[in-house]
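Heads up: the structure comes next, in structure tokens.
No value in this document is a laboratory result; all are computed from the given coordinates. Bear in mind the structure is a predicted one, so any value in this text is a computation, not a measurement. Here Cβ is always computed from backbone atoms with ideal geometry, including for glycine, and neighbour counts include all displayed protein chains.
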Amino acid sequence: MSTFARKLQSVRRRQLAPKVPLLGLALFLLISLATSFPYFESIRSANEMPRLMQGIALVDDASFAIDGPRSRGLDPGPDISRAANKGLVPNKPPVTGLVAAIAYAVARPAMQAFNHTITLRDLTLWARLLGAWLPTVILCAWAWRRYAPREGAQPVLLAVVLYAVATPVASYAHLFYSHQLAACLLAIGIGYCIDGIDEQKLGKAMGGGMLAATAVATEYPAVFAAVPLGFVLLRHLARPRCWPALGGSVIGALLPIALLAAYHETVYDSPWTTGYHKAVDPIFAAKHAVGLLGLTAPTFEGVFTHLFSPQHGLLWWVPLFPFALYGLAQLALTTGPRAHEAQIHLAFFLILFVVGCGLTFQGGWRVGPRYLVVAFPALILGWSHAFRQMSTSWPWMATVMLLGVWSAIVNGLAATLWPHIDPTHVHFPVAEILVPLFKADYRPYGLVWWLGGNWGTWLSVGLGSLGVVIAVFRASDLGIRMLCAGAAAALLALYAVALSPTIAPAHPDGARNLSYIRSVYEPSPGSFAAGTTVQLGLSGENRPRVR
């Protein structure tokens, strides 16, 4: 494509691009995803604690090892590994720990400015906002601006809303895990790589490669995206004009990978050794010792767990995902940059699904298929293309309404009430845990303190569901038929969730697990009072204090 043709195409895109209400989208995501703060001091989430402790150690002790915070009374849980110097470190890549360090470095003086010693609850809140909620908002805004000129503003709006509130993304935007940060880095990196090479822009291609590789240093499974991305980039070797940008994307990717290898060398004395190789917990070590770090051939049990299981299967938590695969497959059969992006996302989603079905471990307490969340941005592109075609069919759009509202309710309840579902003891999470907690007035902390925690769940679930309803109506142009069919579908979804405890078979493990959750829940039902929490204090304190 000539330079003049590219400029003309860029001008046309800007003319066609809708006036994007980014402020409105950000406000919707703020209220639906950041109003509630599910925090339970007693359980000390094993996925969050090592990362938070590494952030404290980086600031207080200038060390990746978490022995300093551990000596002051913090318990990292089982997700740790043994360093070469016999110290303890998180068994995950280091980028999330660096984010925790930024959160700690910012939050501590901010708390001190108000004469308040930073607590573990404070640090968890700041880290979640910086490392989970903010990447989700950035990814949604980026996807909106990228796909709206191609697929239409309303289908993309519906796809973005569904992604944010009607998938397990809603839960992981509330938790300081690595999934949302890695998903943001990888999706934007893939887009920049494709655009930079197609437009022959060295800087954009290099930045895309750097972002995509940083996702690997955030969450190891992101490395599987290198397979389809590499195949797509190799096709450009036939275009000599693209070689500089192609080389730039590779060079950009090498820097984060080199830094990750240096981290492994520093901590484990080998660039090829990861935290999974040095797991401290004997159960974790045994599982990771099977196959390739716990990866074996897919099993029927793995397929059932990731697809059909009411505990964490896609068809329960993201029942609209087949629509996205349909849209991606259609786009992948076209030509040009849109096809390349769809091919990468579709292949990465399917690869991670197969990988997840062959893992020897389940991934601990979670909502939905945890290890697939980094590939969930593929849903936005696939849904956008599919919904544009369905907009004139009221049966299809009513189906989207029914399944979308169901997903928004169950994912909203999980995200705000209890985003730590135990697959060992909970068999029907919605019926056994989420609906009973909601009916018994178990509500999380609220970020808007003057409204109280009770409003948090109502705002998150209510606004998320309403957002889906409005987005479906805006994406369709069907008049009174869509109004009637959509209203019936939304009410049916709400009715199904409410009746789930009477429909699902009772299980004794679920009852025991619910009893445990009630014993550790914060705050107490109907109460706005905060529970006790560890005060982190200043560097050098011998032990934490309890407030």
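If I model segment 140-268 as equal point scatterers sitting on the Cα atoms and use the Debye formula, what is log10 I(q)/I(0) at q = 0.12, 0.18, 0.20 Å⁻¹? These q points yield log10 I(q)/I(0) values of -0.53, -1.03, -1.15. Residues whose amide H comes within less than 5 Å of that of Leu359, counting only those at least five positions distant or on another chain, are Thr296 (H built at 1.01 Å from N in the peptide plane). Peptides 493-504, 86-97, 158-169, 367-378 ranked from most to least packed by the mean count of surrounding Cβ atoms within 10 Å: 158-169, 367-378, 86-97, 493-504. Charge dipole (Cα centre; +1 on Lys/Arg Cβ, -1 on Asp/Glu Cβ; no other charges) of the chain amounts to roughly 1300 debye. In the neighborhood of Asp269, defined by Cβ-to-Cβ distances under 14 Å, what is the net charge if each Lys or Arg adds +1 and each Asp or Glu adds -1? Charge balance in the 14 Å sphere: +2.
When peptides 98-104, 224-230, 347-353 are sorted by average Cβ neighbour count within 10 Å, with the highest value leading, the order is 98-104, 347-353, 224-230.
What net charge is computed for the residues neighbouring Trp418, neighbours being all others with C-beta under 12 Å from the C-beta of Trp418, Lys and Arg scored +1, Asp and Glu -1? Result for the local shell: 0. Other residues with beta-carbon under 13 Å from the beta-carbon of Pro525 carry, at +1 per Lys or Arg and -1 per Asp or Glu, a net charge of +1. Looking at the chain, what % of the alpha carbon pairs are farther apart than 31 Å? Value for the chain (Cα pairs over 31 Å): 47 percent. Shape index of segment 44-180: Rg/Rh, with Rg the Cα radius of gyration and Rh the Kirkwood radius from the inverse mean 1/r over Cα pairs, equals 1.08. Here is how the number arises for the chain: DSSP H runs of 4 or more residues each give -39500 (n - 2.57), the sum is divided by the residue count, and the result at 222 nm is -19000 deg cm²/dmol. For segment 339-355, 3J(HN,Hα) computed residue by residue from phi via the Karplus equation (6.51, -1.76, 1.60; θ = phi - 60°) reads 5, 4, 5, 5, 4, 5, 5, 5, 5, 5, 4, 5, 4, 5, 4, 5, 4 Hz, glycine and proline entered as x. For the chain, lysine pairs with C-alpha atoms less than 28 angstrom apart, excluding pairs fewer than eight positions apart on the same chain, total 10.
The packing ranking of peptides 386-398, 49-61, 510-522, 312-324, highest mean first, is 49-61, 312-324, 386-398, 510-522, where packing means the average number of other beta carbon atoms within 10 angstrom of each residue.
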